[in-house]
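Every number in this text was worked out from the coordinates using simple rules, so none of it is lab data. Worth saying up front: this structure is predicted, and the values here are computed from it rather than measured. No Cβ is skipped: glycine too gets one built from the backbone with ideal geometry, and neighbour counts run over all protein chains shown.
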Amino acid sequence: MPNSSSDSVPASPSPRPSASVTTIKIPGIRWLICGLLFLGTLVNYIDRGTIAILAPDLKKLFHWSDSDYGWIISSFMVAYAIMMLAFGGIIDRIGTRAGYALAMMWWSLAAMGHALARGVMSFAAARFMLGAGEAGNFPASIKAVAEWFPKRERALATGIFNSAASVGTVVSYPIVGWIFLRWGWQAAFIGTGGMGIMCLAAWMAFYRLPRHHPWLTRSELEHIETLHSDEQDSPGKGLPWTAILRYRQAWGFTLAKFMTDPIWWFYIFWLPSYLRETRHFSVSALSLFGTIPWIAAVPGSVGGGWLSGFLLSRGWSVTFARKTALLIFALMMPAGILAVFAHSPWWALAFISVATASHQGWMANVYTLASDMFAKKDVGSVVGLGGAAGALGGMIIAPIAGYTLQWFHTYVPLFILAGVMHPLAMGVVHWLVPRIEAVQSPRQPAV
């Protein structure tokens, strides 16, 4: 396969590979690329969720308090926020293929490094390194979607690969539980980290830009390069962060991530403890029934992406299609508040499942806003800024959750907070971005 270390799209069509290189042409190759992004995100979430599943046992083994655990989680968020900013620019500069490969190698080695930790400080250091590597996943994935899909398909493609966040959480329960019960906690970290190395091999073997991919048919290339009426795909260098932050569109995306990403982090890192400590689930019961909210999130993610794409295909504008989907899912999030007041653990799981599904439907459309409003060469940086803001929110909520549980011994205020943030974020997005459209050229005055 031809080598393309740089992912910069040429200003004029480049020659397609000759028949002597390969004669294979696969229709719909863009969905294979979506599958690679799904696989990468799947492993990403298995790695980051391992500590949440093992947390009750690690707390006993190393005598952690709830606040200790909160600070360990917060160390992940610190690195995630810092490196989201860095990886966004790195991926825009060196390309999606090389940038994502760097991120996968980094987070896989960091995940395995947890096996060497022995206390709060060493676990915090391991989580810091993991967060730094995992920060590259979403800037690379959203940029790859912008490179491989026309605007009307991007929300669906994003919803499909982003559903791996839920699938990864689901499969991590039985995988981590089985490895832990059979070989111990160190093996759980080593085994899940090793999955990323295999994912890296698949990524390097199959990912190329559309114009450089030998399996792509000419008709699919023309489909991929179809531009929406307000879309720009100009060549040249991308915008620096200082220029991006001059746009209200960037602030709308960034604040949406800041306000709602922490809610997903809360469910990932604290739901296993809630089910075991408050709802009295055993390890085996958690491995089986604790996956229900994450299973529910899969159709939420795919359905959220499909919904706005369907509305676009029916002639709706990008503004009405995206915002209608965002509003529907934002208004479903308060269902999670009912979980802590439900007498039955099964009703609690049902309400939490509505919330996790709604969050993923929300995110499938929020992520698409970046490529709706900014040129492809700037998408990685924009997503990096939003991801850093989301991680900053996660840094704030992790110690808050830890101290709330340590001092007040209740999850009620945390679930209330998780239920109201999405409707508030919807109001912020509507205020800052009344119309979802491509930003003006950098040479023109910014909004």
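Could you work out the relative contact order of segment 105-243? I mean the mean sequence separation of Cα pairs under 8 Å and 6+ apart, divided by the number of residues, in percent.
35 percent.
Enumerate the calculated ³J(HN,Hα) couplings along segment 259-264 in order (Karplus 6.51 cos²θ - 1.76 cosθ + 1.60, θ = phi - 60°), each rounded to whole Hz, writing x wherever the residue is Gly or Pro.
My calculation for segment 259-264 gives 7, 10, 4, x, 5, 5 Hz in order.
Using Cβ contacts closer than 10 Å as the measure, can you line up 114, 430, 213 from fewest to most?
Ascending Cβ contact count within 10 Å gives the list 430, 213, 114.
Going by how many other Cβ atoms sit within 10 Å of their own, how do 192, 169 line up, fewest first?
Listing 192, 169 from fewest to most nearby Cβ atoms yields 192, 169.
Kindly write out, for segment 169-186 in residue order, the coupling ³J(HN,Hα) from the Karplus curve 6.51 cos²θ - 1.76 cosθ + 1.60 (θ = phi - 60°), rounded to whole Hz, with x marking Gly and Pro.
Result, ordered by residue: 5, 4, 6, 5, 4, x, 5, 5, x, 5, 5, 4, 5, 8, 10, x, 5, 4 Hz.
Could you list the trypsin sites (Lys or Arg not before Pro) in segment 28-123 that lie in coil according to DSSP, counting only those with at most 14 other Cβ atoms within 10 Å of their Cβ?
Sparse-neighbourhood loop trypsin sites (Lys or Arg not before Pro): 118.
Hey, which of these cross-link pairs are over 31 Å Cα-Cα: 60/257; 257/376; 59/143?
60/257; 59/143
Can you give the calculated 222 nm mean residue ellipticity of the chain, where each DSSP H run of n ≥ 4 adds -39,500 (n - 2.57) and the sum is split over every residue, rounded to the nearest 500 deg cm²/dmol?
-25500 deg cm²/dmol
With a 10 Å Cβ neighbour count serving as the proxy for reagent exposure, in which order, fewest first, do 215, 148 appear?
Starting with the residue having the fewest Cβ neighbours, the order is 215, 148.
Does a label point 7 Å from the Cα of residue 317, set along Cα-to-beta-carbon, have any residues of segment 419-435 with amide nitrogen under 19 Å, and which are they?
The answer is 427-435, whose backbone nitrogens lie closer than 19 Å to the label point.
Subtracting the Cα-Cα distance from 0.36 nm times the residue separation, let me have the gained length for residue 219 to residue 424 in nm, one decimal.
So the extension gain works out to 69.5 nm.
Once you sort the root eigenvalues of the Cα gyration tensor of segment 331-403 as a ≥ b ≥ c, which label holds: rounded (a/c under 1.5), prolate (a/b larger than b/c) or oblate (the other case)?
Because a/c hits 1.5 or more and a/b fails to exceed b/c, segment 331-403 counts as oblate.
For segment 122-137, what does the Karplus curve 6.51 cos²θ - 1.76 cosθ + 1.60, with θ = phi - 60°, yield as ³J(HN,Hα) per residue in whole Hz, taken in order and with x for Gly and Pro?
My calculation for segment 122-137 gives 6, 5, 4, 5, 5, 5, 4, 5, 5, x, 4, x, 5, 4, x, 5 Hz in order.
Could you sort 317-324, 131-138, 77-84, 363-370 so that the peptide with the highest average Cβ count within 10 Å comes first and the rest follow in order?
363-370, 131-138, 77-84, 317-324
Angle, helix 345-373 long axis vs. longest principal axis of the chain, Cα atoms, 0 to 90°, nearest 10?
Between helix and principal axis, roughly 30 degrees.
Is segment 290-426 rounded, prolate or oblate when judged by the Cα gyration tensor, a ≥ b ≥ c being the square roots of its eigenvalues, rounded requiring a/c under 1.5 and prolate requiring a/b larger than b/c?
Because a/c hits 1.5 or more and a/b fails to exceed b/c, segment 290-426 counts as oblate.
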